[in-house]
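Participant: Below is one structure. I have some questions about it.
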Amino acid sequence: MSVEAQTIVRGQRDVVMGLTPDASMELLQILVDNIKEYAILTLDTRGYVTTWTPTAKRLKGYDADEVMGKHFSIFYPKEEVENGKCERELEMAAREGRLEDESWRVRKDGTRFWASVTLTALRDAKGNLKGFGKITRDLSEKKQAEERLRQQGRDIMEMATVPVVQVWEGILLVPLIGMLDSARTQQLMERLLQKLTETASPVALLDITGVPTIDTQTAQHLIETIKAVRYIGAEVVLTGVRPVIAQTLVHLGVDLSGATTRSSLAAGLRVAFSLMNMHVGASNGNA
Amino acid sequence: MVSEPISVIKVRNVLLVSMPADPDDSTVAALQDRTLDAMSKHDVRGLVLDLSKVEILDSYFARTVAETAQMVGLMGGETIIAGMRPSVAITATELGVTLGKTRTAMTVENALDLAGQAERKVKARR
């Protein structure tokens, strides 16, 4: 920046700073007192509260007379205080100049909120530590939005891993696509049993059309699932048994004779209807 | 702990036996004795074993249920297990319980329907 430019900038600042120091301090005070979403306060070098603002009261719930001179550990969850987080943060802020942290904080009424905290070391012109400035922002809403997104992601994953669809009153369909490993078959068993009891469905169509290959272990898991479904009083019809799967199962020596199996989903659906004593046919009088 | 009593009721042509939530070993043992005793006293076609309250299944309980079903079979009755919870069913498969020809139903109501159907078939054959 040239000398002229610097002068201009300084000149402009002088115009802006045309207020008396007191008046500008007052403006700053108004800003600090009214800024929303942020709690601004100061601590002494050991972490005791030295300034309290209306914004801090709004966020944390304490009145000035309740909190002035108290150690700032009252804003932290008990377990964090016990493991020495407050001291660590002060030490870090003093050493590095500032510290940023996102974690749980506690309000006066004991409720927790997710906060972003900036702790700034305040030093005088000679570099002596005078205390700390603390700016806390309530991020609960952001945190909740993130949590909702994560939950949606989990739900979608779960649905993709083990999709369970009710195709008829009393009949659930589980169209499995992709390889079946132990973890997935375990999930399959749990979710299927849960859904069957929830919907009081006596029949589940387990469709393996989209399962490329089956090994001994997977077959064993499927047999266990079929057994467990029987224990709760329902029945599994295994559908989508393609020629290559049928060959594999026989060569592996897997005994599925206890289970009802069909090659197509349509045939399986007919079995399901007959298990429920329902008859489906064209309404031309001789159905 | 006072063990919860097992209820053994005769409903139409079957015995309805309900197990408490977390039966101890003596309750489980009593299940078999009381059931077989009632089978010999009443002229019934079989047994509906209501497990809908049961939350925990151990190997002793599982074995006793399977054995009782077999014994009832020897006495000429059919056993239908009703209302087993998903978590209990998973434990049962892990324990390797085999129920043989024992039938199952989701609810006691369904079990009574099943028992009724079996009876009607027998009557129709006569």
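The values are calculated or read from the model by the stated rules, or taken from the named source; none is laboratory data. Please read these numbers as outputs of a predicted model, since none were measured by experiment. Methodologically, a virtual Cβ is constructed for each residue, glycine included, from the backbone with ideal geometry; neighbour enumeration extends over all protein chains shown.
Participant: Looking at the range A:187-201, which of its residues are more than 9 Å from every other protein chain (Cβ to nearest Cβ) and surrounded by fewer than 18 Cβ atoms within 10 Å (Cβ to Cβ)?
Facilitator: Listed by number, the residues that qualify are A:Gln187, A:Glu198, A:Thr199.
Participant: Which of (1) away from every other protein chain (no Cβ under 12 Å); (2) touching an Asp or Glu at 6+ places or on another chain (Cβ under 8 Å); (3) modelled with pLDDT under 90 does B:Ser40 not meet, given it meets every other one?
Facilitator: The one condition B:Ser40 does not meet is (2).
Participant: Out of the range B:82-96, which residues are in contact with a helix residue (DSSP H, G or I) (Cβ under 6 Å, 6 or more places away or on another chain) and more than 8 Å from chain A (Cβ to nearest Cβ)?
Facilitator: B:Leu95 - this is the single residue of the range B:82-96 that is in contact with a helix residue (DSSP H, G or I) (Cβ under 6 Å, 6 or more places away or on another chain) and more than 8 Å from chain A (Cβ to nearest Cβ).
Participant: Please state which of the following conditions A:Arg230 fails to meet, knowing it meets all the rest: (1) away from chain B (no Cβ under 14 Å); (2) under 20 Å from B:Val97 (Cβ atoms); (3) free of Cβ contacts under 8 Å to residues at least 12 places away in the same chain.
Facilitator: Condition not satisfied by A:Arg230: (1).
Participant: Still on this structure, I have one more. State yes or no: is B:Thr79 within 11 Å of chain A (Cβ to nearest Cβ), surrounded by 13 or more Cβ atoms within 10 Å (Cβ to Cβ), modelled with pLDDT of 85 or more and in contact with a helix residue (DSSP H, G or I) (Cβ under 7 Å, 6 or more places away or on another chain)? Let's see the steps before the verdict.
Facilitator: Numbers: within 11 Å of chain A (Cβ to nearest Cβ): no; surrounded by 13 or more Cβ atoms within 10 Å (Cβ to Cβ): yes; modelled with pLDDT of 85 or more: yes; in contact with a helix residue (DSSP H, G or I) (Cβ under 7 Å, 6 or more places away or on another chain): yes.
Here the answer is no, as B:Thr79 does not meet what is asked.
Participant: As an exercise: evaluate B:Gly96 against (1) touching a residue at least 24 places away in the same chain (Cβ under 8 Å); (2) loosely packed, with under 14 Cβ neighbours inside 10 Å; (3) small (Gly, Ala, Ser) and give the number of the one condition it does not meet.
Facilitator: Every condition holds for B:Gly96 apart from (1).
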